[in-house]
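First comes the structure, then the notes that go with it.
The values are calculated or read from the model by the stated rules, or taken from the named source; none is laboratory data. As the structure is a computational prediction, the values presented were derived from the model and not from experiment. With ideal geometry, Cβ positions are generated from the backbone for all residues, glycine too; neighbour counts draw on all protein chains shown.
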Number of protein chains: 2
Amino acid sequence: MSTYVAVALCAISGVSCFIIGALVQQHLSFRKIKSVMVTDPYVYQCRRQIFSSLAMFGRSSEKLTTSAETGHSISGELEPGNSRGFSEGQDPGSVSTFDHFVLWGRTTAQKAISYMTLSVAQNGHPQEKLEHVAGIMKYGFPGMDDIHVYKNFVLSYDRRNRIAHWVCEHVRDECLMSRDQRTLNKPNAYIADTAIPATFSANMRDFKNTDWVGGHMASPQNYKCDSVKFLEAYKFSNIVPINRGLKNHIWFRLENYVREMALEYGSVHVYTGPMFMPQRITFRNWSVRYHVMGMNTVAVPTHFFKIIIREDRFNSELPIMEGYVVPNTYVDKDMDLRSFLSDIRDIEHFAGLKFCDGQQRDQLDLPVRAPSMSDLQND
Amino acid sequence: MSTYVAVALCAISGVSCFIIGALVQQHLSFRKIKSVMVTDPYVYQCRRQIFSSLAMFGRSSEKLTTSAETGHSISGELEPGNSRGFSEGQDPGSVSTFDHFVLWGRTTAQKAISYMTLSVAQNGHPQEKLEHVAGIMKYGFPGMDDIHVYKNFVLSYDRRNRIAHWVCEHVRDECLMSRDQRTLNKPNAYIADTAIPATFSANMRDFKNTDWVGGHMASPQNYKCDSVKFLEAYKFSNIVPINRGLKNHIWFRLENYVREMALEYGSVHVYTGPMFMPQRITFRNWSVRYHVMGMNTVAVPTHFFKIIIREDRFNSELPIMEGYVVPNTYVDKDMDLRSFLSDIRDIEHFAGLKFCDGQQRDQLDLPVRAPSMSDLQND
């Protein structure tokens, strides 16, 4: 064998191993970032910047391909269900034939690497877990303040007011139809949340001798299928001071309505949160006024909002949003739920939140469906 | 040359190129993430998770070394100045001799790669720019809500109240001592901030016919050295409704005091923000009440806080914090600034913020230095 052939072989093996090394490193980084994303909402929110930084060899010419590919893999792996109108998939018009070839080559290579490295990094999460944050937050984060991830909901905490900014749930019919075999014991007191510093958290003493009781933002009744998830809804971060009469009637009926919709349509995404609405004092003179309770000065909201986003399991049309605003006082228990229907832009204005990431709102501003009358019969 | 030698050479070149490829990919990812970090505070805040995910080959056995190394490189490259007590450097006790060797080998390799790849990825930012977010936010983010990065300050925006949660500046003496040659024209109206949606932003009409004027959280007087930075302090996100009498006297003196400290100690970090304090209505009955202005319902805070963290340029002792709370009403202009000194824990409690990342507070809770009397003579 001549020296030239040996040198050529060395060069070929060197170049190919160089590329394989870079791909392996990139693939493992991708996988680890994705496994971090399962529990860390901030990393999840930054995923575009991070993934484009991980683009192979950092060359900007490959950026387009990579971002299209990662976008595709996100929508494919992390956003299950009917994601038309929300999928971040690639636009075929913007990718050239060469890019397609590169894409195919890289996908094949990454599959091979994925197979090879299964033994190296076995801390990859199973597919179901990868969906966790992405599945609940399919319609985006309304705000980015102090986000906490729980088993069945994601919550943004308002440390100034000691209550949540918003709570987002993904209510599924599977969980509503089954029931945990173990007895679901309602705890005597709400559970302290260790993720939130004690100075910024409410406690049971704050609720003593007040006109309000603790209400759940994410209803524990949605999670009777699993006693762990059920108990999680009793954490203090999910509790907000609510008028007793409101909690037992109108708010309870609104929660029942959400469960009905989930049973009818397969799954609904629900955003729930407090609002602090201004009152008119004199002409051109408005002010916000709300009570605070106990040593921790827990804020008592003046109103609550609930936004329900439903999508049909069998019909992949655009999702439909409904917004409700309920005042935090005693409300006549026979009132029609439809009278609390509210423009989502008003909720956004007063709560300072942005639903559905803002951009896609035009597609979603369809006329809302009036709640069925069946919720009155359930009373 | 025998076939065996050729095969061995191929194998060696393959393995070494594999490692080099992985290192090159890792290095470029690191560099790109760092350049994203310059402007994106969320990526900056997630840097630990991201860097540990980029650890070479993803093996957990190298995690310790890598996190120590990246921690070191962060404190070395991104946190200039006297960072004792805040440096994230490695603890020599926790790194074995072998780890040291690996560390040295990787540092050398990365230096070589850095030299090699300078021509490949030339979008690396110069050293000075890399310090931007890290330099201003040396003492951590008090909260993570809707953060915006400007040339001279970092700001967390409260979309519900249409004012900032907090503004953090790094006031340096260089900028205070020089003055831009161009004329610094105070704009007639505050500048709209395109980074904040118009629905969540105040405008000039909101301030018309009200009892309050616009006050700056980050004072434009701190940035007379650069007309661009000077104008940036006139953006609406930096403006908050303030009592005219307070703005012209006590607040102005407090800002002067900050500049004096910056001139004396080289640089100070300043956090400024609004507070909404509860008032007692009856026994055990407290409530928060504040005015809102105009169509955008811009909140008028009841108080303002200012926290000054100073560190001596020539003396690397622990930094010293001072907290001031000023009510948003007319205050007798001859009052001593020291009477507004306040416990930082109280500011944290009512503003819902956490300064100095919480952990290091024990080291910082030194008795505060009383403001010098010279600020009275400047009046």
Exercise. When both residues are 6+ apart or on different chains and their Cβ atoms are under 8 Å apart, which pairs have a first residue that lies in region B:280-298 and is within 8 Å of chain A (Cβ to nearest Cβ) and closer than 27 Å to A:PHE207 by Cα, and a second that is surrounded by fewer than 19 Cβ atoms within 10 Å (Cβ to Cβ) and β-branched (Val, Ile, Thr)?
Worked result: B:SER287/B:ILE281
For this session: Could you list all residues from region A:174-223 that are surrounded by fewer than 15 Cβ atoms within 10 Å (Cβ to Cβ) and within 14 Å of chain B (Cβ to nearest Cβ)?
Result: A:ALA195, A:PRO197, A:ALA198, A:THR199, A:ARG205, A:LYS208, A:ASN209, A:ASP211
For this session: Just name the residue that is surrounded by the most Cβ atoms within 10 Å (Cβ to Cβ) out of those in region B:32-50 that are part of a helix (DSSP H, G or I) and facing chain A (nearest Cβ under 7 Å).
Result: B:ILE50
Problem set entry | Within region A:9-31, considering residues that are more than 7 Å from every other protein chain (Cβ to nearest Cβ) and among the small types (Gly, Ala, Ser), the one nearest to B:TYR4 (Cα to Cα) | A:ALA11
Exercise. Going through region A:146-155 one residue at a time, which ones are within 22 Å of B:GLU348 (Cα to Cα) and surrounded by fewer than 24 Cβ atoms within 10 Å (Cβ to Cβ)?
Worked result: A:ASP146, A:ILE147, A:HIS148
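To keep it simple, each residue is scored yes or no on (1) buried (at least 19 other Cβ atoms within 10 Å of the Cβ); (2) more than 20 Å from the chain's Cα centre (by Cα); (3) modelled with pLDDT of 80 or more.
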site: A:TYR290; (1), (2), (3): yes, yes, yes
site: A:GLY294; (1), (2), (3): yes, yes, yes
site: A:PHE305; (1), (2), (3): yes, no, yes
site: A:ARG310; (1), (2), (3): yes, no, yes
site: A:TYR330; (1), (2), (3): no, yes, yes
site: A:LYS333; (1), (2), (3): no, yes, yes
site: A:LEU337; (1), (2), (3): yes, yes, yes
site: A:ASP346; (1), (2), (3): no, yes, yes
site: A:ALA370; (1), (2), (3): no, yes, no
For this session: Looking at (1) within 25 Å of B:PHE141 (Cβ to Cβ); (2) assigned to a loop (DSSP other than H, G, I, E, B), find the lone condition where B:HIS170 falls short.
Result: (2)
For this session: Collect the residues in region B:137-165 that are over 18 Å from B:TYR44 (Cα atoms) and part of a strand (DSSP E or B), keeping them in residue-number order.
Result: B:ASP158, B:ILE163, B:ALA164, B:HIS165
Exercise. Has region A:171-182 got any residue that is more than 22 Å from A:PRO274 (Cα to Cα), at pLDDT 85 or above and in contact with a strand residue (DSSP E or B) (Cβ under 7 Å, 6 or more places away or on another chain)?
Worked result: yes
